[in-house]
Every structure is written in structure tokens, then in C-alpha cells.
Amino acid sequence: MPGRKFFFAISIILFLLFVYFSYLVAKETFVSFDFDTTVRFQDKIPRRFDLPFSFFSLLGMTEITGLVWLALFIFVLIKRYWLATLSMFTFWGALALEVFGKMFVFHPGPPFLFYRGVLKFEFPSSYAHTSYSYPSGHLTRTAFIISFLIVYIYLKTHWSIKMLIIPGLVLFLALMAVSRIYLGEHWTTDVLGGLLLGSSAGILTASLVPKSLSPD
């Protein structure tokens with residue numbers, strides 16, 4: 001069974017892939033792919049999903065994911081997983097890289113004609129705007145949390161719990177990715193970039209949890 005070292009290596013590989021993928025995005029390698037994918041998503045998914053996806057997308061906002069991060073931080077702190085506690089701050093490091101990308105990686109977001117959000121309610125973080133759209137903050141934050149939970153559950157729990165919970169977490173992350181593309185909030189490359197960045201940090205953090213079930 002893959003262990004902590006395996007997942008640590010995976011986190012490094014994912015981050016290196018993020019760096020390389022960001023380079024390709026900056027070179028406008030995927031412009032046609034982004035446009036075609038958004039058109040396909042919006043053509044195949046009925047408009048009745050506008051409202052459900054709009055509500056679901058709120059779960060990836062900074063205010064919500066920040067509270068979940070705080071709960072996880074308190075959990076690993078109480079457990080006295082000291083390295084993992086320190087590594088939890090890679091969540092905010094990933095968000096700093098996200099903001100950097102949105103300021104300096106030339107990648108304009110989808111035009112308004114693709115927008116399908118229907119909610120009038122907005123969190124305060126919605127009013128913070130950047131020049132470009134790469135990578136997706138929703139996916140960066142959500143991928144960190146979900147990947148941390150998946151690896152933690154995989155390393156720490158019985159197989160029956162793994163089989164019960166991990167598929168649901170994967171589905172949640174997939175739906176968040178689809179919602180951002182379908183709603184016209186982000187291109188597919190924005191979503192993939194956020195997925196790589198957030199997952200690399202989340203997996204790194206979970207890989208630093210001690211092997212034993214008891215606290216150090």
C-alpha cells in the first residue's frame with residue numbers, strides 16, 4: 001500500500017506539473033481547447049443546472065473554505081501532528097501563488113456571454129478582482145481540502161471507511177470543477193491549474209501526518 005513517502009513524492013510531482021502547465025498557459029497553448037470545452041459543457045448540460053451549480057459553487061468561496069481549513073488546522077494541532085500543522089499554511093501559500101498567477105499570467109477569463117451564474121448573493125471576497133483568471137481559486141482551495149482529506153483517510157482509516165468516503169470526496173471535487181466551467185467563471189485550464197496547485201499542497205500536508213494512529 002502506498003505510504004507517506006509515496007504521497008510526498010506525488011505532491012512534488014504535482015507542483016512541478018503546475019509550474020510547467022502554467023508556462024504552457026502563459027504561452028496561450030490551450031486557447032482553442034478552453035473555448036471548445038466551455039462550449040461543449042454548456043451545450044450538453046441543461047440550463048436547469050444554473051441554480052444548483054450556482055449554489056454549489058458558493059462552497060468553494062474563500063469564506064467557506066477558510067472555515068474548513070481552520071477546522072482542519074485545529075484538528076491536526078490537537079492531534080499534535082506538528083509537521084502537518086506547519087504544512088497547513090501551504091494552503092495560504094497556494095492562495096498567494098493563485099493571486100500571483102491572476103495578476104501576471106496573461107490569461108483573460110471567459111467573456112460575459114458564457115456566464116450562467118444566477119445568484120444575487122455574493123460573499124465579500126467576490127468583490128476582489130484580478131486582471132486574469134489563471135488559476136481558479138475555487139479549485140485551489142477545494143483541491144487542497146479534498147486532497148488532504150483523501151490522503152489522510154487513505155493512510156489512517158480502515159478500508160471500509162475509505163470505500164465509503166473517498167468516492168464522495170472525489171465526486172465533490174469533480175462537481176466543483178464542472179461548476180466553474182459550466183457557469184462560465186473559468187476556463188478548463190484555470191480549473192486544471194487550481195487542481196494541480198491545491199492538490200500538491202494538500203497531499204504534501206497529509207503526507208506529513210505521523211504514521212502511527214496515536215499522536216506523536
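Taken together, the values in this text are just the output of simple stated rules run on the coordinates, not laboratory data. Treat the numbers as computed from the prediction; the structure is a model and nothing was measured. A quick note on method: Cβ atoms are made from the backbone with ideal geometry, for glycine too, and the neighbour counts reach across all protein chains shown.
Quick look at the numbers
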item: 10 Å Cβ shell holding at most 13 others, DSSP loop, GluC sites (Glu not before Pro): longest site-free stretch of the chain; result: 123-216
item: Sorted by Cβ density within 10 Å, fewest first, the residues TYR132, TYR127; result: TYR127, TYR132
item: Relative contact order, percent, the chain [alpha-carbon distance under 8 Å, six or more residues apart]; result: 38
item: Spin-label model distance (nm) - THR37 vs LEU51, 7 Å beyond Cα toward Cβ; result: 2.9
item: Of the DSSP H helices in the chain, those whose Cα atoms cover at least 18 Å axially and whose Kyte score averages -1.0 or more; result: 4-26, 31-44, 62-78, 90-104, 137-156, 159-182, 188-207
item: Members of LYS79/LYS211; LYS5/LYS156; LYS5/LYS102 lying beyond 20 Å, as alpha-carbon distances in this model show; result: LYS5/LYS102
item: Loop trypsin sites (Lys or Arg not before Pro), the range 31-105, which have at most 14 other Cβ atoms in a 10 Å radius of their Cβ (DSSP); result: ARG80
item: Rounded to whole Å, sorted largest first: equivalent-ellipsoid semi-axes of the range 4-207, Cα gyration tensor; result: 28, 19, 16
item: Local electrostatic count at VAL25 - Lys and Arg +1, Asp and Glu -1, tallied over other residues with Cβ under 15 Å; result: -2
item: Cβ crowding within 10 Å averaged over residues, with 65-71, 194-200 ranked highest first; result: 194-200, 65-71
item: Cβ-based net charge around THR189, under 11 Å, with every Lys or Arg adding one and every Asp or Glu removing one; result: -3
item: Fewest-first ranking of SER125, SER147, SER22, SER207, using other Cβ atoms within 10 Å as the exposure measure; result: SER125, SER22, SER207, SER147
item: Loop-located trypsin sites (Lys or Arg not before Pro) in the range 137-216, at most 14 other Cβ atoms within 10 Å (DSSP); result: LYS211
item: For the range 133-216, the Rg and Dmax computed from alpha carbons only, in angstrom; result: 14.1, 46
